[in-house]
Every structure is written in C-alpha cells, then in structure tokens.
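Below: one structure, written as structure tokens.
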Amino acid sequence: MSSERADGLISIEGLGHVVYFAEDPIRMSEFYEEMLNFEIIEELGDALFLRSSGAEGHFNLGIFKSKAGREEVPASLRGGTYHVAWMVPHLDDFLLAYRRLLALNAIVGTSDHGTHLSVYARDPENNEFDVCWETPRDEWVSRGFGFSPLDVEAECARREAYSSTSEVDGNDG
C-alpha cells in the first residue's frame, strides 16, 4: 500500500449509507421496511441499522434516536440527516482521504465499526460525512459491529504488513 495513488485521486465506490436522527426510530424503520423492503439487521441501544434486500454492505440506513428538546445538545444532533458515508474501494483510498481531510483540518472523529473503518469530517457548510472502507467480510463475525477507537495510520500500516506477509507466505489474507 502506497501513501499516494499514482493518479493522486481518491476513488469513491458509491454511497455507503445514510444516517438519520428520528424522534421515533421504530416508526421510521417500519416506514422503510414497508416502502423499500429494508430489514433491521442490527440494534445498538437507540440506534437501528437497516439493509435493503439484495444489498451487499453491512447496512444502508441508520436511524438514531434524536436528542430533540435537549438544549445542551447541538442542533445538528436533534433531528434530520446526521451524515452520509462515501465508500472507497481500497485501503489506499481510505488512507489518502484521511490524510487530505487531516490537512484540511476537517476531521471530527474516526471509528472502527468492525464491518468498516470510518473517518468523520465536516464540509465548509458544516455538513457531516464520513469516508469509509469496508473490512473483508470474513472479519465481520470475529470483529463484530460497534464503535471502537481507530488510529487510522496504525491500522492501515498493520493491514499493509499483514498483506505483505500473506503474499510472501502464499496465504490469502
């Protein structure tokens, strides 16, 4: 894995997921289940994660309980769209996006979700988004799904070292 792609561009594979805040996450999930054949695939506290039938990623829609009515909570956490996630196909793209966002001082957090690695950032209009890379499916069960701290540079270096060792040993990964 090089720190820069030869063409200097970051590949976006597509929209990974959207996360909404809702007063009633159950009612919202029922709407998407009925209208678009989504199904709840994970529940973490007040957060629901849904996937559309036929989708390959971990989830397409997250619905979190809003913090509406709580004055101490920023308006961005009280309702509406929380963030969109841009999927990148390669770990190189993920690392490049992280470094560019870091240089722009746009990063608001990072997280290892088990099924994917995320860098959260804000654009100039204060819209939150994340750039994420999906971990190999054979890791999903052992890694689980959740929210763990992520040191992007260390994780990418660890994966590169493992990949290099696997290629030398003839292992698949």
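The values are calculated or read from the model by the stated rules, or taken from the named source; none is laboratory data. Computed from a predicted structure; not experimentally measured. All Cβ positions, even for glycine, are placed from backbone atoms using ideal geometry, and neighbour counts span all protein chains on display. Areas reflect the complete protein model, heavy atoms only, side chains present, ligands, DNA and RNA absent. Shrake-Rupley method; radii C 1.70, N 1.55, O 1.52, S 1.80 Å.
Condition check ((1) acidic (Asp, Glu); (2) at pLDDT 90 or above; (3) surrounded by fewer than 18 Cβ atoms within 10 Å (Cβ to Cβ)) across all residues:
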residue	(1), (2), (3)
67	no, no, yes
103	no, yes, yes
109	no, yes, yes
124	no, no, yes
153	yes, yes, yes
165	no, no, yes
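Among the residues of the stretch 113-139, write down those that are under 16 Å from residue 57 (Cβ atoms) and assigned to a strand (DSSP E or B). Break it down into steps so the answer makes sense when it comes.
If we filter the stretch 113-139 for residues that are under 16 Å from residue 57 (Cβ atoms), which is where we start, we get 113-118, 130-139.
Residues satisfying the conditions are 116, 117, 118, 130, 131, 132, 133, 134.
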Failed condition for residue 1, given (1) in contact with a Cys (Cβ under 8 Å, 6 or more places away or on another chain); (2) modelled with pLDDT of 85 or more; (3) of a type in the set (A, V, I, L, M): (2)
Qualifying positions in the stretch 91-101 - open to solvent by 40 Å² or more (accessible area, probe 1.4 Å) and out of contact with any helix residue (DSSP H, G or I) (no Cβ under 9 Å at 6 or more places or on another chain): 100
Residue under evaluation residue 8, criteria (1) over 17 Å from the mean Cα position of the chain (by Cα); (2) modelled with pLDDT under 80; (3) on the phi < 0 side of the Ramachandran plot; (4) open to solvent by less than 70 Å² (accessible area, probe 1.4 Å), criterion not met: (3)
